[in-house]
Amino acid sequence: MINSKKATREQTKQHNKQLVFNTIYSQDRVSRVEIARYTSLTRTTVSSVVSELMDEGLVAEVGVGPSAGGKPPILLSVVDDSYHLVGLDLANGKFRGAVFNLRGEVCHRVTVPINGRGGNDALELVYQLADQLVKSTHSPLLGIGIGAPGVIDPLQGIIHQAVNLKWENLSLAALLRDRYDLPVYLANDSHAAALGEYTFGQHDDAISLIVVKAGRGIGAGIVINGQLFYGDGYGAGEIGHVVVADNGQQCQCGNYGCLETVASSQALLEEAIAIAQKNPQSLLNQFGDSPEQLSMDQVIEAFHNGDKSLEPFLADVGRYLAVTIANLVGALNIEHIVIAGRVANFGPAVLTPLQAELQKRTLSSIVARTKIVTSSMNDDVVKLGAAALLLTYELGLT
Ligand SMILES: [Zn+2]
């Protein structure tokens, strides 16, 4: 009985601390009186929690606000560089990582090429990446967050299967926790992207949103009422292998016409190579040594330099994405949708046909309120989401 009372007291204390920290983080500069008003906590409780946050260095007094007649109130702010966050993105052709401050501003970046390595060799590369990042900052680290491809158990920190990296049942979180003696959190890359947009993106204070990440693979991350939705088997948003094309090509998974066969960056690259081979005059050929050696970066560069040859294919990509997004919008009625990943680099060439197709496939009153944008975080979205895992789980930021 005594123990449970003690546990409840501890929980209340923790809850109050998170509430006060969330208020200071979201308000930027705020007085103790205002915090009491926003949180409905007593001024005494607010003062004691603020002292604790100041002792930990997370919060500081930064000036005085306008007087409401009496003594002008002292304003509090989060100390953005009091702790740093390491965010890793293992879901691309290169392993990429960055050190961020508490506002998601980049302090340092590292990229490590994979060159087809898998298994233990790929794990060694993760260590190389993390070693460099951990060493690069003098601020205390809150921990390491990871966005990784494949089927992942975020609670155990295990990658069950990542085909391209030849990882099976890899306890990545535990391995890094032992190596660096820091908290480590792991999420699927699309789930991480959704948390990144939710935490650091500009989405009109939306409490729910969907990120569709279309890169080499395609997946969606779903935030509902401020919480990442993982699904019963942690596979929520696995839309890449939903069949959208009739009589389509065979996919790696064995089925035919999966979304990934027609709308992934790999599908785009194959189309670009075919165009460059067929048409030697194509602008694409000015950006690569040979059609076969074109990279996705070069295809994007050619597009931004006026190459229009991919436009019909990009319109198809937009329409196929709309087929799947119509189902998500129909099921969940979430009004903020963000397209991320390499496919988002093509902007309106994908987005405009996507929006037009969505209108044909969704109830007009619902689609009228649905806002679809491309991510403003580009290549950083997974790293930022990985870092945001630390804000969520270590500081209780919602
Ligand atoms: Zn498939």
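Pull up the cross-link candidates among the lysines for K17, meaning alpha carbon to alpha carbon under 20 Å and not fewer than 8 places away within one chain.
K5, K6
As a check on your grasp of the helix formula, calculate [θ] at 222 nm for the chain: sum -39500 (n - 2.57) over DSSP H runs of n ≥ 4, divide by the residue count, round to the nearest 500. It would help to have the intermediate numbers written out before the result.
Details: 13 runs with 168 residues, N = 398.
The per-residue figure over the chain is -13500 deg cm²/dmol.
Let's test the formula: R0 of 35 Å, r as the Cβ-Cβ distance of S365 and V243. What FRET efficiency results, to the nearest 0.05?
E(calc), rounded to 0.05, equals 0.80.
Hey, how many Å between the Cα centroid of the stretch 379-395 and the Cα centroid of the stretch 122-153?
If you average the Cα positions of each part, the centres end up 12 Å apart.
Regarding the chain, what is the average projected area of its C-alpha convex hull, in nm²?
23.9 nm²
Between D205 and D121, what is the label-point separation in nm under the 7 Å Cα-to-beta-carbon projection?
Label at D121, label at D205, 5.3 nm between them.
Restricting to the stretch 70-227, compute how many DSSP beta bridges are antiparallel as a %, nearest 5.
If we restrict to bridges inside the stretch 70-227, about 70 percent are antiparallel.
Taking the mean number of other Cβ atoms within 10 Å as a proxy for protection, how do you rank 363-371, 262-270, 289-297 from highest to lowest?
The densest-packed peptide leads the list: 262-270, 289-297, 363-371.
Determine the dipole magnitude for the stretch 202-376: charges of +1 sit on the beta-carbon of Lys and Arg, -1 on that of Asp and Glu, nothing else is charged, the reference point is the Cα centre, and the result goes in debye to the nearest 20.
Approximately 380 debye in magnitude.
Can you give the extra length, in nm with one decimal, that the chain gains between R43 and R9 once fully stretched, where that is 0.36 nm per residue apart less the Cα-Cα distance?
Answer, rounded to one decimal: 10.4 nm.
List, in order, the whole-Hz ³J(HN,Hα) value for each residue of the stretch 340-354 obtained from phi through the Karplus relation with A = 6.51, B = -1.76, C = 1.60 and θ = phi - 60°; use x for Gly and Pro.
Result, rounded to whole Hz: 10, x, 4, 4, 5, 5, 8, x, x, 4, 9, 5, 5, x, 4.
Please list 97-103, 227-233, 372-378 highest first by mean number of surrounding beta-carbon atoms within 10 Å per residue.
On the way: 97-103: 22.4, 227-233: 13.9, 372-378: 17.7.
Result, highest mean first: 97-103, 372-378, 227-233.
Nearest 5 is fine: what % of DSSP beta bridges in the chain come out antiparallel, could you say?
If I count the DSSP bridges inside the chain, around 65 percent turn out antiparallel.
Among the listed pairs K13/K371; K94/K213; K135/K383; K166/K383; K94/K135, which are separated by more than 27 Å between their Cα atoms? Present the calculation step by step, with values, prior to reporting the outcome.
Working: K13/K371 38 Å; K94/K213 17 Å; K135/K383 18 Å; K166/K383 22 Å; K94/K135 20 Å.
Table pairs above 27 Å Cα-Cα are K13/K371.
Can you find, among G318, Q18, A122, the residue sitting farthest towards the positive end of the charge dipole of the chain, where Lys and Arg contribute +1 and Asp and Glu -1 at Cβ?
Farthest towards the positive pole: Q18.
When the dipole is taken about the Cα centre of the stretch 2-78, and only Lys, Arg (+1) and Asp, Glu (-1) are charged at their Cβ, what size is it in debye, to the nearest 20?
360 debye
Within straight cross-link reach of K308, meaning Cα distance under 18 Å, which aspartates and glutamates are found once same-chain residues fewer than 8 apart are removed?
Those aspartates and glutamates meeting the cut-off are E270, E271, D297, D316.
Suppose every Lys and Arg Cβ carries +1 and every Asp and Glu Cβ carries -1, with no other charges. What dipole size does the chain come out with about its Cα centre, to the nearest 20 debye?
Roughly 1080 debye, rounded to the nearest 20.
What fraction, in whole percent, of alpha-carbon pairs in the stretch 2-78 exceed 17 Å separation?
Working: 1291 of 2926 pairs.
For the stretch 2-78, the share of Cα pairs beyond 17 Å comes to 44 percent.
Taking only Cα atoms of the stretch 129-208, what ratio of Rg to Rh do you get with Rh as the Kirkwood inverse-distance radius?
Rg/Rh for the stretch 129-208 comes to 1.02.
Return the distance in nm (one decimal) between the two label points of a simple spin-label model at H108 and E61, each offset 7 Å from Cα along Cα→Cβ.
3.4 nm
Relative contact order of the chain, please, whole-number percent, based on alpha carbon pairs below 8 angstrom and at least 6 residues apart. Mind dumping the intermediate values first?
On the way: 765 pairs, mean separation 59.8, N = 398.
Once divided by the residue count of the chain, the mean separation gives 15 percent.
Would you mind calculating the relative contact order of the stretch 202-376 from Cα pairs under 8 angstrom and at least 6 residues apart, reporting the percent as a whole number?
After rounding, I find 22 percent.
Please sort 11-19, 322-330 by packing, taking for each peptide the average over its residues of neighbouring beta carbons within 10 angstrom, highest first.
322-330, 11-19
Could you run the Karplus curve 6.51 cos²θ - 1.76 cosθ + 1.60 with θ = phi - 60° over the stretch 137-142 and give me ³J(HN,Hα) per residue in whole Hz, x for Gly and Pro?
10, 9, 6, x, 9, 6
Every read-out reported here was derived from the displayed coordinates using simple, explicitly stated rules and does not represent laboratory data. These numbers were taken from a predicted model, which means no experiment stands behind them. FYI the Cβ positions are ideal-geometry reconstructions off the backbone, even for glycines, and counts take in every protein chain you see.
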